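Peer 1: Quick one: this structure, given as structure tokens, is what I'll be asking you about.
The values are calculated or read from the model by the stated rules, or taken from the named source; none is laboratory data. Computed from a predicted model, the values in this text were never measured in an experiment. A quick note on method: Cβ atoms are made from the backbone with ideal geometry, for glycine too, and the neighbour counts reach across all protein chains shown.
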Amino acid sequence: MKKSIPFTIGFLLFILSNSLAQQAPLKTYRVGIFSALYLDSVFSNNEYNYGKKFPKFTQQGLDFVQGAEIALDSLPLPNGNIIATLFDSKANQNNIPWLITNHKLDSLDLIIGSVKDVDFIDLAKFAKQKNIPFVSATYPNDAGIVDNPFVVIVNPTLRAHCEAIYSYLLQNHGTDKIFLCRKRGSQEDKIADYFKMINGTDGKPLLNILTINLEDNFSKLVSNLDSNRKTVIIGGSLNEAFANGLVNAAYKLKDTYPLEVVGMPNWDGFSFLKKSSLKDFPIYYTTAFINNKANSYTRQITQVYSKKYKGVPSDMAYKGYESVYVFARLITRYPDDFMSHLNEFAYKVFNDYNFKAVYVNKKTQIPDYFENKRLYFMKMYNGKSIKAW
């Protein structure tokens, strides 16, 4: 088994082979892995530009790559061999448009990307043009793409999170008071529109969701509460300052009014939720990624990462590992019908998946993309995150 060829500025090549001399040669599948490394900014004339410092803007992309490398080094491949090529999506010269124009990606069987914005759009268009599956591993957005049944979104969109929250409310709080608390803003408009759309899918609202515009005046919240009735507050904003104000306002009222607060998917990264000042007051949120530290894959990654990179792996490293370990193996099992078998992986790493075809226009016959709809309902309680549902 060949492990790896030394790292170069343009790309990193890993070749994995598990065929034995006694066996007939297995088919080789080519996988392109894209991540934002910014190598042309970090190096000039093959010289490192940052001395003893490490540029933070490369951290997430590098973590994803390191997780992918660990997966490639340990990947069992009974159904075929893999040649995996890593591309820096932020390269100045050999960027994605150049690679596409010069036919450098035409031989790929699978694309796995930790990319966003224009890089995501370029790869999605290319995937459709060449009928190559494109697994978007970390970007929680569809970037407006339509009519593209070769795109797989692993990290669910904001709309999918709103759908999961709505489903939770419908099953558990159908008779309770529900408030969508928000401030002014385009993201807040989008969240409010999602809940309005989801709630009206059957022609009439199934839940009585009242929208309250609070801005910075969180004292308005109390006038809508009922001490004799449970109230669920949806934090309809991705803004940390607003979330902080809303949660602290609700916390001060919790002993008088029965309250439950449900936040947006990015709330798990807000530092104020991990402070002891919110004692015995749970805050709920949704996520597609959880990592059981007792998981055998986690232990393996932690050990290899510590030995190889002298550090502790981040969530991006785990996501890089998981996306390569699952989908690179899947292409060797279903090379001719990959998109029809997205939910048939026999090797769970950290998370379950539930990929469904998304039709932005309900009248179309062709999926606009496939999206992972499996979300976990989490509870942040006394500074610790716990799986709740």
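Peer 1: Scan (1) modelled with pLDDT under 95; (2) not in a loop (DSSP other than H, G, I, E, B) for the single condition Ile112 breaks and write down its number.
Peer 2: Just one mismatch for Ile112, condition (1).
Peer 1: Show the residue pairs that are 6+ apart or on different chains and have beta-carbon atoms under 9 Å apart, the first residue being within the stretch 96-116 and within 16 Å of Pro335 (Cα to Cα), the second being charged (D, E, K, R) and at pLDDT 95 or above.
Peer 2: Pairs that qualify, where the first residue is within 16 Å of Pro335 (Cα to Cα) and the partner is charged (D, E, K, R) and at pLDDT 95 or above, are Asp106/Lys130; Ser107/Arg30; Leu108/Arg30; Leu108/Lys130; Asp109/Arg30; Leu110/Arg30.
Peer 1: Tell me which residues, restricted to the stretch 285-338, are under 21 Å from Lys27 (Cβ atoms) and touching a Pro at 6+ places or on another chain (Cβ under 6 Å).
Peer 2: First, pick out the residues of the stretch 285-338 that are under 21 Å from Lys27 (Cβ atoms): 324-338.
Result: Phe338, single match.
Peer 1: For the stretch 171-264, list the strands (runs of 3 or more DSSP E) that sit wholly inside it and hold at least 1 residues that are of a type outside the set (Val, Ile, Thr) and within 18 Å of Leu158 (Cα to Cα); which are they? Quick ask: steps written out before the conclusion?
Peer 2: Values: elements: 177-182, 209-213, 231-235, 259-262.
In the stretch 171-264, the matching strands (runs of 3 or more DSSP E) lie at 177-182, 231-235.
Peer 1: How many residues, within the stretch 305-329, are in contact (Cβ under 8 Å) with a residue 60 or more places away in the chain and part of a loop (DSSP other than H, G, I, E, B)?
Peer 2: So the count comes out to 2.
Peer 1: Further question on the same structure: Consider only pairs whose beta carbons are under 9 Å apart and that are at least six residues apart or on different chains; among these, list those whose first residue lies in the stretch 343-354 and is aromatic (Phe, Trp, Tyr) and whose second residue is exposed (fewer than 13 other Cβ atoms within 10 Å of the Cβ).
Peer 2: So the pair list comes out as Tyr347/Pro76; Phe350/Asn292.
The rows are residues; the columns are (1) assigned by TED's automatic domain parsing to the domain that holds Trp267; (2) over 30 Å from Ala241 (Cα atoms); (3) surrounded by 22 or more Cβ atoms within 10 Å (Cβ to Cβ).
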{"residue": "Asn131", "(1), (2), (3)": "no, yes, no"}
{"residue": "Ala137", "(1), (2), (3)": "no, no, yes"}
{"residue": "Tyr166", "(1), (2), (3)": "yes, no, no"}
{"residue": "Asn172", "(1), (2), (3)": "yes, no, no"}
{"residue": "Glu188", "(1), (2), (3)": "yes, no, no"}
{"residue": "Ala192", "(1), (2), (3)": "yes, no, no"}
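Peer 1: Could you identify the single residue in Thr332, Thr302 that is part of a helix (DSSP H, G or I) and either crowded, with 19+ Cβ neighbours inside 10 Å or in contact with a Lys or Arg (Cβ under 7 Å, 6 or more places away or on another chain) (or both)? Talk me through it step by step, then tell me what you get.
Peer 2: Values: Thr302 fails: either crowded, with 19+ Cβ neighbours inside 10 Å or in contact with a Lys or Arg (Cβ under 7 Å, 6 or more places away or on another chain) (or both).
Sole residue among the options that is part of a helix (DSSP H, G or I) and either crowded, with 19+ Cβ neighbours inside 10 Å or in contact with a Lys or Arg (Cβ under 7 Å, 6 or more places away or on another chain) (or both): Thr332.
Peer 1: Still on this structure: I'd like the residue in the stretch 279-299 that is aliphatic (A, V, I, L, M) and out of contact with any helix residue (DSSP H, G or I) (no Cβ under 7 Å at 6 or more places or on another chain) and, out of all such residues, is surrounded by the most Cβ atoms within 10 Å (Cβ to Cβ). Before the answer, list the steps.
Peer 2: Let us first name the residues in the stretch 279-299 that are aliphatic (A, V, I, L, M), namely 283, 288, 290, 294.
Adding the requirement that they be out of contact with any helix residue (DSSP H, G or I) (no Cβ under 7 Å at 6 or more places or on another chain) leaves 288, 290, 294.
Working: Ala288: 23, Ile290: 14, Ala294: 7.
Result: Ala288.
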